[in-house]
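The values are calculated or read from the model by the stated rules, or taken from the named source; none is laboratory data. Every value quoted in this text rests on a predicted model; they were computed, and no experiment measured them. Heads up, the Cβs are rebuilt from the backbone with ideal geometry, glycines too, and the neighbour counts pull from every protein chain shown.
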Amino acid sequence: MQIVLKHQIRSTHCLFSRVLSTLLNPHSFLDINFSLSNVSIIDNPKENQLNANAFDLLVQLQHGSHGSVGSSYVLNRLVSSCANSRSLLLGIQIHSFVFRMGFCSHVYINTALVDMYCKCGKISGAHKLFDEMPQRNVITWNSLLSGYLHTHHVDLLVDLFTGMLRLGIYPTHSTVATVLVGCSQLDALELGEQVHGLGTKSGFLSNVVVGTALLEMYWKCSDVDDSRKIFDNMPDKNAVSWTSMITGYAQNQQADKAMYMIREMLSMGHKAESVTYNYLLSSFCNPEDMVHCEQIHCRVIREGLESDLHLAVTLVTVYSQCGSNFEDFYKICSTVPIKNQISCNAIVAGFSNLGSGEKALSCFSEMRQAGIDIDFFTVASILKVTGVIAGLEEGSQVHALIIKSAYDSNIYIQNGLISMYARCGKIHEAKGMFSSMVEHDTISWNSLLSGYAQHGYGREAVEAFEQMTKTMVKPDLTTYLIMLSACSHVGWLDKGIKYFGLMRNDSSLEPPKLEHYGCIVDLYARAGYLFEAETFFNSMPIEAGPSIYKALLSACRVHGNKEIALRISRKFVDRFPDDPATYVQLSNILATNGYWDDSAGAHDLMIGRGIKKKADSNGYVKIIENYARNRSLESGKRLHAHLIINGLARSTYVASKLLAFYTQCRQTCDARKLFDEIPQRHTRRWIVLIGAYARHGFHQEAMAVFCEMQREGLEPNRFLVPSVLKACGHLLDAQTGEKLHAVVVKQEFESDAFVNSGLIDMYSKCGKIEKARRVFDLMVGMDLVAMNTMVAGYVQHGFVNDAVVLVEKTRSMGLVPNLVTWNTLIAGFSQANDDSNVAKLFQLMQEAGIDPDVVSWTSLISGYVHNFRNREAFDSFKKMLCTGMHPTSATISSLLPACAILADSTRGKQIHGYSVVIGVEKDVFVRSALIDMYAKCGFIYEAKTLFKNTPKRTTITWNSMIFGFANHGHCIDAIALFNQMVDGKDKLDHLTFTAVLTACSQSGMIDLGKNLFLIMQQKFKIRPRLEHYACMVHLLGREGKLAEAHDLIQEMPIEPDVFVWGALLGASKLHGNVGLAKIAAKHVAELEPESAGSSLLLSNLYADAGSWGCSARTPYKVDNAMSMQEVETRFRI
């Protein structure tokens, strides 16, 4: 390098000697007419040096007048040529010549020199010249900004840009584009948005360069969807714009959208370059992306780009990552045009990813024989291969090569060596490698721990883990999985549970994965604790996979517990109902474990269900149902598109599942659109849509579709009626329900148990319990579901004794109550505060051979909380835990209100911690109860933080937070949150309006309160309840509109309760209106004759008004009298 540099300097000196000597002898000049066209000889410099003829131009410049236009133009072009060819030494010499020629203050030449220094990497020289320039223009600033960008001094770029604006230099589109690229590199979203605003104000967004830089800034700093908005609004797009947008999707692992963009790009007539395809291919990393990979590969071949080395290497990598078959991978490898270090590394890593260790080693040997140097990536890939195939000999050779190549001090290589020796069973060597390391990271510890665990060194694994916890290296999920596996193999149940608890309590880690839960189930099962294993299995917050079912079934066989085995078997089939492999696998497990009859039954069940005939469509249906359970909207939409392509979306069965999926994801518009696309001759579409709406809480929508169906002249059938009845019950629409009952009688559907159960449920919810019982009594045959529905109706309205009588009657007729029946009765007596009957029910359950389950205990706890017996609720929770019962999310969400009522934040925090340990803290109902508890205990910040960190919010979640804000005086926040809820897709209910009306009442926003009261009725079709009227009376009364408040009470369609009259009484006291106070007090006394609060308040009002005689004559019982503070709280003064 030094020899080349010396030669270049020598050549430059020789050339300039010639120039200078010519300049010193002016007589040697020819009398020529200098023409600017001669400048063309410097336009195409070659191989980093200017054509020697360029120096003749310098000679001619001396003959002309100093500072002439022609001279400045030629010098400018010479400097630009030096910049483009990166000829720094020549550029410095020309800079000296510029100085001698007197062009020191020439702005254009100096700007060209700044640009030359920047492009040659001499940013300090560029900045020095920039500072010395007596005059600068915007191009000068742009040149230096571009120089800072390309030399990665982005912080200085921002400072320079800020200084430019302060001096009043108006930026150009080039300035904005350069700064936007700098924002991308700095990940400076806020600054990028400000520059975006500047570009918009300056009208630069129509420029394609600015638009491209802007969309790239957004997908790098913010969100690719923001980039897409910029892209869609660009009036002019070029290939670079399209490539940038495709790259954004590729970098964010959105392969489908990237594929869509490349198709759009090609259809618009733009040609994709190899770099476009390279970025796009890099986004494919899953087997599902294989089809995209093949499509792009075909396009690459079609456009003749297969000889591009970078593209070929990327194709090798992507095919291996996407799980290509070996035949296709061999073909891809054979098309690589050049075998160098990079391409060979990709091939070795590819064979390693595909599990062909021998072939990877063979390629590595060929690489060495060809004399191709190895690097870090080669060593890492080959170490992985030797570990996988347990090739100790090859691994030792690679270790020697690593030492020879001086990679043995690299921590990643050292980790690979630990893993290789551990997998080969050489634990001593692995430990020695670990001990020789100067520093360790998580992977180092995991590699050693994994070796211990895999080879049965449980005690050593535990000791190493304890040692790890004392260092600065934190265990990750992989660490805990290794330790749980080690404890499982050794049989250390207590330690395994301890580690699992540590993992779940570590807030820095993600929630445990299925593998971690599987280890705990296996731990219990291996230790013979099958009941605990089943209980833990049932409480898992994520769906179990086949391996966990297999582990439980095998343990049941070992320990001879057929009962649990059969329960697990049923769940196994229910979990994977449409997969033929499930039944075959289950049958084999049962047969292996000696359950021959059950094994045959599994086969018969598979054949009876016709699984083989419907495997394809049912396989997709299973995925749709999974997506629905997890609310995976985007994944579901992609699957829907795939089903449209393969034609399965036309199946009514598949379409019905998609309807249910969209409804469960709360996308009613998409569900309706899909409904409209189903051919009208399919009456099933009405059943499916109305059923989906009714099941998922869209009762008004269900009724609207039902009315539409009737307008088309279609009669409801026995499959549709139960869904419509359910909607009627929830909407308290007894009138429509009775009309449907008439249709049931007319169509002779009374024999259908589901229809009867629907009628009983509808009448019960609408408060017509006698009609519900009449339907039950007229049923032809006794049905357990109908009986449980009737029992629930009685319990709902407080007629628990009638429910017991019904159960005894049906029991004498041969209808045996089940667990649901007992739990419903327990819930009823608990709500009725009847301890003796609850205890009796628990005893009767056990005598009937039915053990109380978690629902039984949860019902008991919920009853105690409902009756404000919070201490008993906590005691019952402790008893439940002592029985070995594991609480569910329903248990926790039932218990938390007790903490809220008592404002017991300490106990609330303990229950919060326990919910984290058992994995139910992220349940939406638990989250809502936690938000409510923290808010009522005064911890608004904690409630707000939980609310923000709740990704899937329900109406209950929103209501809890709005109530929390309203009750603690944060009324503006409450109203803002309400508006946010309205703008979203969550459903508003009566409690939502109670909460926001409370906020309006607390803050005195009378106009807003009135408006919301009307909107609730007119737009959301919610009938006002007593609590809404109480809020409105309080709001009007607080602002002194007592007459209007009294008129509202008079116009109420329902009887006002003590809280409505109490609100008027409190307002009358506040504003000294004795007349209205007397009216309100009279009604309060009639509603609560045992309470002296209203009389006490009225007496004080008389006293305040100076009517001491009236005050003395106002009667109230001293024994039942409240304190004045209690009175004011009750009547909202």
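Conditions (1) surrounded by fewer than 17 Cβ atoms within 10 Å (Cβ to Cβ); (2) at pLDDT 85 or above; (3) not assigned by TED's automatic domain parsing to the domain that holds Leu633, marked per residue:
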residue	(1), (2), (3)
Lys909	no, yes, yes
Gly913	yes, yes, yes
Lys922	yes, no, yes
Phe939	no, yes, yes
Ala943	no, yes, yes
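Can you report the number of residues in the stretch 188-213 which are crowded, with 16+ Cβ neighbours inside 10 Å and part of a loop (DSSP other than H, G, I, E, B)?
Qualifying residue count, the stretch 188-213: 4.
With respect to the numbered conditions (1) outside any helix (DSSP H, G or I); (2) under 21 Å from Lys1019 (Cα atoms), which one is the sole condition not fulfilled by Ala704?
Going through (1) outside any helix (DSSP H, G or I); (2) under 21 Å from Lys1019 (Cα atoms) one by one, Ala704 breaks only (1).
Here is a list: Ile296, Ile372, Ile338. Which entry is out of contact with any strand residue (DSSP E or B) (no Cβ under 9 Å at 6 or more places or on another chain), of a type in the set (A, V, I, L, M), farther than 27 Å from Asp408 by Cβ and in a loop (DSSP other than H, G, I, E, B)?
After ruling out the rest, the residue left standing is Ile338.
Where residues in the stretch 471-519 are out of contact with any Cys (no Cβ under 9 Å at 6 or more places or on another chain) and β-branched (Val, Ile, Thr), which of them is nearest to Arg459 (Cα to Cα)?
Val490
Test of understanding: among Gly601, Gly528, which residue is modelled with pLDDT under 85 and not in a helix (DSSP H, G or I)?
Gly528
Here are some residues: Phe925, Phe939, Phe947. Which one is more than 22 Å from Leu860 (Cα to Cα), touching a helix residue (DSSP H, G or I) at 6+ places or on another chain (Cβ under 6 Å) and among the aromatic types (Phe, Trp, Tyr)?
Phe947
Is there a residue in the stretch 1058-1074 that is part of a helix (DSSP H, G or I), surrounded by fewer than 20 Cβ atoms within 10 Å (Cβ to Cβ) and among the polar types (S, T, N, Q)?
no
One residue is enough: does the stretch 869-884 have a residue meeting the conditions over 30 Å from Arg774 (Cα atoms) and modelled with pLDDT under 80?
Scanning the stretch 869-884 turns up at least one residue that is over 30 Å from Arg774 (Cα atoms) and modelled with pLDDT under 80.
Answer yes if at least one residue in the stretch 1098-1114 is crowded, with 16+ Cβ neighbours inside 10 Å and at pLDDT 80 or above, and no otherwise.
Scanning the stretch 1098-1114 turns up no residue that is crowded, with 16+ Cβ neighbours inside 10 Å and at pLDDT 80 or above.
Output the residues belonging to the stretch 76-128 that are in contact with a helix residue (DSSP H, G or I) (Cβ under 9 Å, 6 or more places away or on another chain), hydroxyl-bearing (Ser, Thr, Tyr), touching a residue at least 24 places away in the same chain (Cβ under 8 Å) and closer than 18 Å to Trp141 by Cβ.
Ser80, Tyr108, Thr111, Tyr117
Please work out which one of (1) surrounded by fewer than 17 Cβ atoms within 10 Å (Cβ to Cβ); (2) outside any helix (DSSP H, G or I) is the condition Pro1024 fails and give its number.
Condition (1) is where Pro1024 drops out.
Please work out which residue is nearest to Asp923 (Cα to Cα), limiting yourself to the stretch 490-534 and to residues that are among the small types (Gly, Ala, Ser) and within 21 Å of the chain's Cα centre (by Cα).
Ser507
Within the stretch 1016-1034, can you find the residues that are closer than 19 Å to Glu1044 by Cα and hydrophobic (A, V, I, L, M, F, W, C)?
Passing the criteria: Leu1026, Ala1030, Cys1031, Met1032, Val1033.
Scan Tyr412, Tyr407 and give me the residue that is under 41 Å from the mean Cα position of the chain (by Cα) and in a helix (DSSP H, G or I).
Values: Tyr407 fails: in a helix (DSSP H, G or I).
Only one candidate qualifies: Tyr412.
Quick check on my filter: what residues within the stretch 982-993 are assigned to a helix (DSSP H, G or I) and surrounded by fewer than 21 Cβ atoms within 10 Å (Cβ to Cβ)?
Those that are assigned to a helix (DSSP H, G or I) and surrounded by fewer than 21 Cβ atoms within 10 Å (Cβ to Cβ): Val982, Asp983, His990, Leu991.
Please go through (1) in a helix (DSSP H, G or I); (2) modelled with pLDDT of 75 or more for Asn76 and return the number of the only condition it doesn't satisfy.
Among (1) in a helix (DSSP H, G or I); (2) modelled with pLDDT of 75 or more, Asn76 violates only (2).
Kindly indicate whether any position in the stretch 525-547 is buried (at least 23 other Cβ atoms within 10 Å of the Cβ) and within 22 Å of His455 (Cα to Cα).
Checking the stretch 525-547: at least one residue is buried (at least 23 other Cβ atoms within 10 Å of the Cβ) and within 22 Å of His455 (Cα to Cα).
Which one of Asn756, Asn717 is part of a helix (DSSP H, G or I) and either out of contact with any Phe, Trp or Tyr (no Cβ under 6 Å at 6 or more places or on another chain) or not basic (Lys, Arg) (or both)?
On inspection, the qualifying residue turns out to be Asn756.
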